[in-house]
Amino acid sequence: MKKIVVLLSALAIVSCNDAPKDYVTLSGKISNKTSDSILLRNRTIMKTIVLNSDGTFSDTLKIDQPEVFGFFNGASALPIFLKNGFDITVNADGSNFEESLEFSGSGAEHNTFLIEQMRLEKELLDQDKLSSLSSEGLKTEIENIRKELLTFYDHDKSVDTTVTNMAKSNLNPMLNMFQNYFAETIAIREQFPVGSPSPTFENYENFKGGTTSLKDLAGKYVYVDVWATWCGPCIAEIPSLKKLEADYADKNIAFVSISIDDAMRSGGGDMNVAKNKWKTMITEENLGGIQLFSDKNWQSDFIKNYNINGIPRFILIDPNGNVVDANAPRPSSKKLTELFDNLNI
């Protein structure tokens, strides 16, 4: 009888030990860390895991259902799939987080899939390549990308369907977004081919006094920045634009910023308020280049003729007043300096 009791007790202990964990164990190391912690976040859960001085960490998290979380390390963010019972080890270099992230342990295969998916999508959806295509070429390339990604999503049957189904459900919205964005870019380029006469602006108010027209800048390349004081992405480009102006100060190029601030959006119904807001920002931000105020805001001929429906918009015009690029790279883009260098500006 005692032997039976002992045996049953032993079996009970083994059974308890074999019970699946109802939590996730996450550990690893972030070398060259750029933050003192990592953050896990989804729609309902947010958990901060502190990094030790050497970048190591270890913690647990109990979740209601398998789900993809955001895995944040400083300014970098990547997806991570978590499910109770996983015991995942994460290793990465904080200075090159996206490229160096690796997973091992229980649950690693699902997360390796996510990282490979992200890298493949980034490779296939190369913006420079897509923007250089024709309208028909873009449609064909998007369909080729769709087929390649669907093949990738189904290539490893061991990956949890939560992960692959999410990838498939996001595919069409993602590709539609890219196609719509680049279709507009391509349409602009096709409407304004290189060497075609540029639309002009005339007698725009100059912050430094008087007025300025495009013809006043004949003989120089003209890089136009169409912006407004309320436009966040426009403001974000200011530091790069300042650096660009300084780097090319002795070159044959004029940097022209055209504000389309209007009474309603910038001045609460008062055009004078909008204009003062423009002048104040130029002064406070110490903006350089040629600062102009468009004559009719969004309804200005220059804005309408260039089909500008969103800002910032950048345009490059040659010394003869012809189009170089009707949708030029932003100041923060390396492609812009490459373009300048190819033109020997």
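The values are calculated or read from the model by the stated rules, or taken from the named source; none is laboratory data. Since this is a predicted model, take the numbers as computed values, not measurements. Glycine gets a Cβ as well: all are built from the backbone with ideal geometry, and neighbour counts include every protein chain shown. Keep in mind that these areas ignore ligands, DNA and RNA; they rest on the heavy atoms of the full protein, side chains included. Shrake-Rupley method; radii C 1.70, N 1.55, O 1.52, S 1.80 Å.
For the reader, a short list of remarks on this structure follows.
- The angle between the Cα long axis of helix 108-124 and the longest principal axis of the Cα atoms of the chain comes to about 20 degrees, rounded to the nearest 10.
- Rounded to the nearest Hz, the phi-derived 3J(HN,Hα) couplings of the stretch 330-341 under the Karplus curve 6.51 cos²θ - 1.76 cosθ + 1.60 (θ = phi - 60°) are 6, x, 7, 8, 5, 4, 5, 5, 5, 5, 4, 5, where x marks glycine and proline.
- Hits among lysines - C-alpha to C-alpha of K21 under 26 Å, sequence gap 8 or more where chains match: K29, K47, K62, K83, K157
- Length gained on full extension, D64 to E99, computed as 0.36 nm times the residue gap minus the Cα-Cα distance: 9.6 nm.
- Accessible area (Å², 1.4 Å probe, nearest 10) - T140: 80 Å²
- The chain - share of DSSP beta bridges that are antiparallel (%, nearest 5): 70 percent
- Two-site label geometry, S106 and T48: point separation in nm, points 7 Å out along Cα→Cβ: 2.9 nm
- Summing charges over neighbours of Y221, with a neighbour being any other residue whose Cβ is under 9 Å away from its Cβ, gives +1 when K and R count +1 and D and E count -1.
- Percent accessible area from carbon and sulfur atoms, the chain, protein chains only, probe 1.4 Å: 50 percent
- Accessible area per residue, Å², the stretch 123-191 with all protein chains present, probe 1.4 Å: 58 Å²
- Dividing the Cα radius of gyration of the stretch 123-191 by 2.2 N^0.38 Å, with N the residue count, gives 1.26.
- Value of relative contact order over the chain, rounded to a whole percent, pairs C-alpha under 8 Å and six or more apart: 13 percent
- Residue-normalised accessible area of the stretch 246-345, given per residue in Å² at a 1.4 Å probe: 49 Å²
- 5 angstrom amide H check on T229, placed H, neighbours 5+ away: D261
- Dividing the summed helix terms, -39500 (n - 2.57) for each DSSP H run of n ≥ 4, by the number of residues in the chain produces a 222 nm estimate of -12500 deg cm²/dmol to the nearest 500.
- Reach of K242 by Cα under 23 Å, taken over lysines that are not fewer than 8 positions away in the same chain: K208, K220, K251, K275, K277, K279, K334, K335
- Normalised contact order of the stretch 179-260, rounded percent, pairs of Cα under 8 Å and 6 or more residues apart: 28 percent
- Rounded to 10°, Cα long-axis angle of helix 2-18 versus longest principal axis of the chain: 10 degrees
- The shape of the stretch 44-181 comes out prolate: with a ≥ b ≥ c from the C-alpha gyration tensor, a/c is at least 1.5 and a/b beats b/c.
- Normalised per residue, the accessible area of the stretch 13-96 is 54 Å², obtained with a 1.4 Å probe and no contribution from ligands, DNA or RNA.
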